[in-house]
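Q: Handing you this structure, nothing more for now.
The values are calculated or read from the model by the stated rules, or taken from the named source; none is laboratory data. These numbers come from a predicted model, not from an experiment. Here Cβ is always computed from backbone atoms with ideal geometry, including for glycine, and neighbour counts include all displayed protein chains. Accessible surface is based on the protein model in full, side chains and every heavy atom, while ligands, DNA and RNA are left aside. Shrake-Rupley method; radii C 1.70, N 1.55, O 1.52, S 1.80 Å.
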Amino acid sequence: MGHQVIVVLDFGSQYTQLIARRIREQAVYCEIHPYTIATDPELAQLRALKPTGIVLSGGPSSVYEDGAPTIVPAVYDLGVPVLGICYGAQLTALLLGGKVRSAERREYGRASIKVLRADGPLKTVTVGEELAVWASHGDHVDALPPGFVHTASSANCEMSGFANPARKIDCLQFHPEVVHTPRGAELLGNWLFGVVGAAGDWSMASFVDEAVARIRAQVGEQGRVICGLSGGVDSSVAAALIHKAIGDRLTCIFVDNGLLRKGEREQVRAMFGDHFKDAAGTSGGGSGAEWRRGSIDLRVIDAEARFLEKLADVSDPEKKRKIIGYEFIAVFDEEAKTIENAKFLAQGTLYPDVIESVSFKGPSAVIKSHHNVGGLPEKMKLSLVEPLRELFKDEVRQLGLELGLPRHMVMRQPFPGPGLAVRCLGSLTKPRLDVLRAADAIIDEEIRAAGLYESIWQSFGVLLPVRSVGVMGDARTYEEALALRAVHSKDGMTADWVPLPYDLLARISTRVINECRGINRVVYDITSKPPGTIEWE
Ligand code: XMP
């Protein structure tokens, strides 16, 4: 423990997560918290985090709006350097006695600033030099608070930069965290290493140590944790991390709902049964002794018949999701009841899930409908252990490798909670699911063999309840069609279809039709998102 922490107070900017990223990329640990942790006069929550630096993020509000987010000015008296970005800069000006003018029009975009004072974040920029930045000109700062100096200006925004060097408060009226500010990382680095005095000694390995200590502190000496394993990256990495912290006081439950991909159950069993034993001492973290504390208590539950019975004759996608979610909770709950003394439930919630489900205005959680285990902790009266809450997907993958999980699992493409159910259009019968599973395995194999698996966000097949005529050998066929889908995406919110090479398309098509009885036609989906969605249902 004892690592330096930069705390980003979030005022709702779409770029807040990028600030944390850019800081961690410079080997300094960083956490995002809603600005509401800095609204009580004592600042108890903020102080408890022991920040070495505080960043005030941008945000969509105007400081003069009714109910505009604000913090107590005592934040500036903690003796901790503060960096205000956009909204954070305007709020700083207002709270410390400056004047902010409400702009009639908000302007965002590329701008060029002139540096007036090479200090703080601007330390490595020559005075008089023009710097390309991504600006957000909302309100304008008209008059600086007492003790502040003007550090940069642009044609549209006189006060692009201002600072109080004695109090270590720096304000930028543009976004150093986005790539459109080409020297942004350098400016953040100047602040981190020049103003804050960060050591820059943070790494994924230190994240493991800190997370292990946090989990132990939360769970205590006796606490038992239950973790639902889905076979995906997030829950696997969370389980591996928690196992490292508390060994055999972790019980994992893997529910085979009959909607999984080929071999998934066996892979999970291999990874969490044998891998954990085999990996003793070889995880690279240097704490082999803990790794050997006990192999994982993994409960694999065969619930295929139960799920398929409930799903028979259901073709409405939302109904499918509801049934699957409800049934999952029921199965999980039944098993969990057999685990004595379990008070904690582990979830592989990632930062993007946190921002999607938690309003920045406060902790009022809105569980998104995609969140498959929503409602589980409340029902079971368990406290949540969420060791990945601060991380982005690629950081979780890095962490998985650091923990010694196999690469093929850590680099896995996302797979939806309702599994093949939303890729098997029409009636959900075991034979149709088996055909789809076989086709899916071929697609997976061929995409991997072509070396494209890791560069593609998702690639999969969708079984369509549409029959068409074909001819195989001398015989006429009348079978279903498979839609092949492959998309590039950064976060699943938008996506582009992938122009897969023709020879690869040809191989997949030939193999699927030859090897999967029940499919006689393969079509390629060339729809991006929007207007389409990634899944067909
Ligand atoms: P769509 O189809 O909405 O998918 O463009 C966006 C991303 O979300 C995944 N997805 C789901 N994930 N439960 C999940 O856990 C669901 O019900 C669900 N529906 C879609 C999808 O695979 C894609 O990555």
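Q: Report, by residue number, each residue of segment 261-303 that is at pLDDT 85 or above and touching a Lys or Arg at 6+ places or on another chain (Cβ under 8 Å).
A: Once the filter is applied, which keeps residues that are at pLDDT 85 or above and touching a Lys or Arg at 6+ places or on another chain (Cβ under 8 Å), segment 261-303 yields ARG261, LYS262, LEU298, VAL300.
Q: Of everything in segment 117-133, what is assigned to a strand (DSSP E or B) and open to solvent by 50 Å² or more (accessible area, probe 1.4 Å)? Give them in sequence order. Before you say what the answer is, go through the steps one by one.
A: Going through segment 117-133, the residues assigned to a strand (DSSP E or B) turn out to be 130-133.
Result: GLU130, ALA132.
Q: Answer yes if at least one residue in segment 308-321 is modelled with pLDDT of 70 or more, among the aliphatic types (A, V, I, L, M), under 20 Å from ILE226 (Cβ atoms) and surrounded by fewer than 16 Cβ atoms within 10 Å (Cβ to Cβ), and no otherwise.
A: Checked segment 308-321: no residue is modelled with pLDDT of 70 or more, among the aliphatic types (A, V, I, L, M), under 20 Å from ILE226 (Cβ atoms) and surrounded by fewer than 16 Cβ atoms within 10 Å (Cβ to Cβ).
Q: From the set of residues in segment 380-431 that are away from the ligand (no atom under 16 Å from the Cβ), under 30 Å from ILE519 (Cα atoms) and open to solvent by less than 30 Å² (accessible area, probe 1.4 Å), which is nearest to the chain's Cα centre (by Cα)?
A: MET409
Q: Another question, then. At least 1 residues that are within 15 Å of the ligand (Cβ to nearest atom) and more than 25 Å from the chain's Cα centre (by Cα) in each: list the strands (runs of 3 or more DSSP E) lying fully within segment 448-537 that qualify. Working first, answer last.
A: Numbers: elements: 458-472, 475-488, 519-524.
Counting at least 1 such residues, we get 458-472, 475-488.
Q: Another question, then. From the list GLU479, GLU445, GLU515, GLU535, which residue is of a type in the set (Asp, Glu), touching a residue at least 60 places away in the same chain (Cβ under 8 Å), open to solvent by 20 Å² or more (accessible area, probe 1.4 Å) and over 30 Å from GLN17 (Cβ atoms)?
A: Step by step, each of GLU479, GLU445, GLU515, GLU535 is checked, and only GLU515 is of a type in the set (Asp, Glu), touching a residue at least 60 places away in the same chain (Cβ under 8 Å), open to solvent by 20 Å² or more (accessible area, probe 1.4 Å) and over 30 Å from GLN17 (Cβ atoms).
Q: Within segment 175-268, which helices (runs of 4 or more DSSP H) (wholly inside it) include 2 or more residues that are closer than 28 Å to TRP134 by Cα? Steps first, answer last, please.
A: Working: elements: 184-189, 204-219, 233-246.
So the answer is 184-189.
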